[in-house]
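See structure below.
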Amino acid sequence: MDALRKDIRARLKAKDASALADARTLAEISNQELGHADKLHDMVVNAIVQAKQAGKEPPEGMERVWDWEHERIIEDTAEVRNLLGMLNA
């Protein structure tokens, strides 16, 4: 995500037609990859819900790490989507 953010920010400053076309191509590919990440995220969340419904509980430390990572993933994804929105505008 860090490299993607850096590249999008650089392309937001693009002025010529070729750079803008490249930026739009990057945005299209990035949106597809975010769609893939969304699907994987949904799979993990559903697996956790199903495990809890089956009476399985993760170790406390593992759950704390997941909560922290999950929040970070959501924030990173939102930031990249915002940058892509600016690129597509």
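The values are calculated or read from the model by the stated rules, or taken from the named source; none is laboratory data. Being a predicted model, the structure only gives us computed values, none of them experimental. Ideal geometry is used to build each Cβ from the backbone, glycine not excepted, and the neighbour counts take in all protein chains shown. Keep in mind that these areas ignore ligands, DNA and RNA; they rest on the heavy atoms of the full protein, side chains included. Shrake-Rupley method; radii C 1.70, N 1.55, O 1.52, S 1.80 Å.
Could you look at the chain and say what percent of its accessible area is carbon and sulfur, using a 1.4 Å probe and all protein chains?
On the way: 3770 of 6550 Å².
So the carbon and sulfur contribution to the accessible surface is 58 percent.
Can you tell me the relative contact order of the chain? Whole percent, Cα pairs under 8 Å, sequence separation 6 or more. Please report the intermediate quantities before stating the final value.
Details: 29 pairs, mean separation 54.1, N = 89.
Rounded, it is 61 percent for the chain.
Modelled label-to-label distance, E60 and I48, 7 Å Cα→beta-carbon offset: nm?
Going by the 7 Å Cα→Cβ label model, 1.8 nm.
Tell me, how many Å apart are the Cα centres for segment 52-89 and for segment 15-38?
So the two Cα centres are separated by 22 Å.
In deg cm²/dmol and to the nearest 500, what is the mean residue ellipticity at 222 nm of the chain if only DSSP H runs of at least 4 residues count, each as -39500 (n - 2.57), divided by the residue total? Let's see the in-between values first.
On the way: 3 runs with 77 residues, N = 89.
Using -39500 (n - 2.57) per qualifying helix, the result is -31000 deg cm²/dmol.
Return the Rg/Rh value of the chain, two decimal places, where both radii are evaluated on C-alpha atoms and Rh is the Kirkwood radius.
Working: Rg = 17.2 Å, Rh = 15.0 Å.
My calculation puts Rg/Rh at 1.15.
On average, how much accessible surface per residue is there in the chain, in Å², for a 1.4 Å probe, leaving out ligands, DNA and RNA?
On the way: 6550 Å² over 89 residues.
Dividing the accessible area of the chain by its residue count gives 74 Å².
Work out the count of Lys pairs in the chain where the Cα-Cα distance is under 28 Å, with the pair 8 or more places apart or on different chains. Don't skip to the answer; put the middle values down first.
On the way: K6/K15; K6/K39; K39/K52; K39/K56.
Within the chain, the lysine pair count is 4.
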